[in-house]
Amino acid sequence: MAKHRPIEREFGVPIAGEILPPEQWAKTALKKLPADGQLDVPALFGRVAPLVLDVGCGNGRFLLSSALGRPDHDHFGIDILPMVIRYATRRGNQRGLTNLRFAVCDGERFLGQYLGPQSLTEIHCYHPQPYYDPALAQRRLIAPQFLAQVHRALIPDGKLFLQTDNPGYWTYMRAVVSYFFDFEELNGPWPDALRGRTRREIIALRRGLPVFRGWGVAKANLSEAEALRLAGELPPPVFDADRRLRELDELERHDR
């Protein structure tokens, strides 16, 4: 009789995959990025395959599900918080996922320093930090310069996926992203995760808050030079971040 393998849950929602016996665990942590030059992705995964990047991946919930469901794709998750990357790598290791890697890094640096043009099939960014203090607005990730980097990093017809529970941020995203991507707003949850792709989404839905989702295909006729020109002309991400949502950030930081 096969031994039952434990399944993890967050707020009652299962995290994809079973915890395997230790002898079947993988090593998903990339503890050191190149000192100079780009990341050798084929050497890292031992093959050439479509590459999916999750910027601000948190505890890895989305990437675990995607890596398990799409073994023909390689997956990379980055986050600036070492603590959440430790949770993500532990879970990726326990599920034996050889098509998944995690590293501590910010999105702009990762795209600008470690990946070349047309390296990625998909880029996902769920609930980027809105920075409630207006003095920190320049740290907001989804901005014209970053979108130009994203467009450059994606293959032709590559896709960008975005999600937030912050209405001000979403209004800004819809207005600016459409210059770089043929963008569509999704009405309702992601079909593959009706209860939430991410921890933050699960928390927001439990509290009855609206969650805004959308995805876009990189504009085919937009050159790198034109994207950079647009990045210099479009407005920065200045909006009311709604401080009432700050409590959800605190919930995300604890009890993972």
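Here the relative contact order of segment 64-222, from alpha carbon pairs under 8 Å that lie six or more residues apart, stands at 20 percent.
Quick check on segment 46-253: of the DSSP beta bridges with both residues there, what percent are antiparallel, nearest 5%?
Given both bridge residues lie in segment 46-253, the antiparallel proportion sits at roughly 40 percent.
The count of lysine pairs in the chain that are at least 8 places apart or cross chains, and whose C-alpha atoms lie under 29 Å apart, stands at 5.
Taking amide H as placed 1.01 Å from N in the peptide plane, the amide H of LYS219 sits under 5 Å from that of PHE181, ASP182, each at least 5 places away or on another chain. Summarised in one figure, the compactness ratio Rg/Rh of segment 64-204, Cα atoms and Kirkwood Rh, is 0.94. A compact globular protein would have a Cα radius of gyration near 2.2 N^0.38 Å; the ratio found for segment 1-151 is 1.09. Under a model in which nothing but the beta-carbon of Lys, Arg (+1) and Asp, Glu (-1) is charged, the chain shows a dipole of about 840 debye around its Cα centre.
Where only DSSP H runs of four or more residues are counted, the chain gives -8000 deg cm²/dmol as its mean residue ellipticity at 222 nm, each run worth -39500 (n - 2.57).
With R₀ fixed at 45 Å, the C-beta to C-beta distance from ALA175 to GLU23 puts the FRET efficiency at about 0.30.
Here the Karplus relation 6.51 cos²θ - 1.76 cosθ + 1.60, evaluated at θ = phi - 60°, turns the backbone of segment 166-176 into coupling constants of 9, x, x, 5, 5, 4, 5, 4, 4, 6, 8 Hz, with x for every Gly and Pro. Under 5 Å from the amide H of GLU10 lie the amide H atoms of ILE15, each residue being 5 or more positions distant or on a separate chain, with H modelled from the backbone and absent for Pro and chain starts. Dimensions of the chain based on its C-alpha atoms, expressed as ranges along the principal axes with the largest first, amount to 63, 42, 32 Å.
Laboratory data are not the source of any read-out in this text; all were calculated from the coordinates shown. This one's a predicted model, so the numbers in the text were calculated from it and none came from an experiment. No Cβ is skipped: glycine too gets one built from the backbone with ideal geometry, and neighbour counts run over all protein chains shown.
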